[in-house]
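Structure, as structure tokens:
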Amino acid sequence: MSGIDDVISAFDVYRYKYFKIPLVTKWLIDELRYRDGYVRVSFDLGNTFTTINVSGGVIDIDGFSYYLDFLAEVLRSERVYILRNGKYGDVAFFRDGTYYKLYPIAMYGAPTIEISGIKMHRIVGTTPWEDASKKIHGLGVEKGSKVLDICTGLGYTAIHSLYRGGKVVTIEKDRNVLDIAKYNPWSQKLGDIPILLGDAYVLLDDLPRGFFDIVVHDPPRMARAGELYSLDFYKKIYKVLNNRGRLYHYVGNPGYKGGKDIIKGVARRLKSAGFRVRIVRDMMSIYAFKI
């Protein structure tokens, strides 16, 4: 196998497409309701900016008027909203027994995704975008690095790997997560990254041995995806890495209030799979190296 394109040719590849629709948060509406005249504003969570006219507590978007006092009353701070055709609605849905929503961290900035009340990114003392950048920086992704990103989510680690010149392929099991990502402006570059839609536990068996330079593994909590924390799965990761391969594994700290040290158990299993490990407590993560 010579490159990523050769590898993915054997799989059904999901192609992400961003829905470019005006988005707002309650914070933005609260800001605008006290303004009058021309204001520079972003309707894609800070990716791009435009100038609009605020007049009499009303703004116009794509020929439709929106009353700011009304929106300020009905919008909630923990949601991202679409404004379209004079109506509003949040980026959220209940599907397959699970509730998904795009969760804003600030008026402008990359949001996280919340799944049945659990936020999928670190947001205390950092932002999802900054956290993803730090993870990839620590791995030393560089131009030409072949990167396997497991558990795409909103795509932030995959996108940062791409920005650093990596040749990236990512795996996501939950299509509902990708449906949320279609509305997220910060996920747009996923359109340049092949996504393998399926169970990573199964798909890794079909990936070539020793092909990847780097694996980024950022799974859901152990309670939701215990197999992705197993010794057997770590052996699969070991197999697809080349002889100088590196792994970043986000673990989190579930169970810490009960005195459990989940990260130690993960480190022990990674060592059993053949890795040399380095625990990074402040990131609740492990860097592992194939030996």
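The table below lists the values:
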{"read-out": "Failed condition for residue 210, given (1) in contact with a strand residue (DSSP E or B) (Cβ under 8 Å, 6 or more places away or on another chain); (2) touching a residue at least 60 places away in the same chain (Cβ under 8 Å)", "value": "(2)"}
{"read-out": "Unmet criterion (only one of (1) within 19 Å of residue 77 (Cα to Cα); (2) among the aliphatic types (A, V, I, L, M); (3) within 11 Å of the chain's Cα centre (by Cα)) for residue 105", "value": "(3)"}
{"read-out": "Residue within segment 145-158 that is under 22 Å from residue 26 (Cβ atoms), modelled with pLDDT of 95 or more and of a type in the set (Ser, Thr, Tyr) present", "value": "no"}
{"read-out": "Residue check for residue 269: surrounded by 13 or more Cβ atoms within 10 Å (Cβ to Cβ), charged (D, E, K, R) and either on the phi > 0 side of the Ramachandran plot or within 20 Å of the chain's Cα centre (by Cα) (or both)", "value": "no"}
{"read-out": "Hits in segment 109-150 (condition: among the hydrophobic types (A, V, I, L, M, F, W, C), in contact (Cβ under 8 Å) with a residue 60 or more places away in the chain and out of contact with any Ser or Thr (no Cβ under 9 Å at 6 or more places or on another chain))", "value": "113, 118"}
{"read-out": "Residue 88 being more than 20 Å from residue 223 (Cβ to Cβ) and assigned to a loop (DSSP other than H, G, I, E, B)", "value": "no"}
{"read-out": "Qualifying residue in segment 13-36 (condition: free of Cβ contacts under 8 Å to residues at least 40 places away in the same chain, in a helix (DSSP H, G or I) and of a type outside the set (A, V, I, L, M))", "value": "no"}
{"read-out": "Test result for residue 54, part of a strand (DSSP E or B) and either among the hydrophobic types (A, V, I, L, M, F, W, C) or surrounded by 16 or more Cβ atoms within 10 Å (Cβ to Cβ) (or both)", "value": "yes"}
{"read-out": "Enumeration of residues in segment 37-51 that are in a strand (DSSP E or B) and either under 21 Å from residue 89 (Cα atoms) or modelled with pLDDT under 95 (or both)", "value": "41"}
{"read-out": "Top-ranked residue of segment 114-129 - restricted to ones that are out of contact with any Pro (no Cβ under 9 Å at 6 or more places or on another chain) and either modelled with pLDDT of 95 or more or crowded, with 18+ Cβ neighbours inside 10 Å (or both), ranked as farthest from residue 284 (Cα to Cα)", "value": "114"}
{"read-out": "The listed residue being within 28 Å of the chain's Cα centre (by Cα), of a type in the set (Gly, Ala, Ser) and more than 30 Å from residue 171 (Cα to Cα), out of 55, 9, 42", "value": "42"}
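Condition check ((1) among the hydrophobic types (A, V, I, L, M, F, W, C); (2) under 16 Å from residue 181 (Cβ atoms); (3) part of a loop (DSSP other than H, G, I, E, B); (4) touching a Phe, Trp or Tyr at 6+ places or on another chain (Cβ under 7 Å)) across all residues:
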residue: 78; (1), (2), (3), (4): no, no, yes, yes
residue: 101; (1), (2), (3), (4): no, yes, no, no
residue: 123; (1), (2), (3), (4): yes, no, yes, no
residue: 129; (1), (2), (3), (4): yes, yes, no, yes
residue: 133; (1), (2), (3), (4): no, no, no, no
residue: 144; (1), (2), (3), (4): no, no, yes, no
residue: 149; (1), (2), (3), (4): no, yes, no, no
residue: 162; (1), (2), (3), (4): yes, yes, no, no
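The values are calculated or read from the model by the stated rules, or taken from the named source; none is laboratory data. Since the structure is predicted, the reported quantities are computational estimates derived from the model, not experimental observations. Using ideal geometry, Cβ is built from the backbone for each residue, glycine included, and neighbour counts are taken over all protein chains shown.
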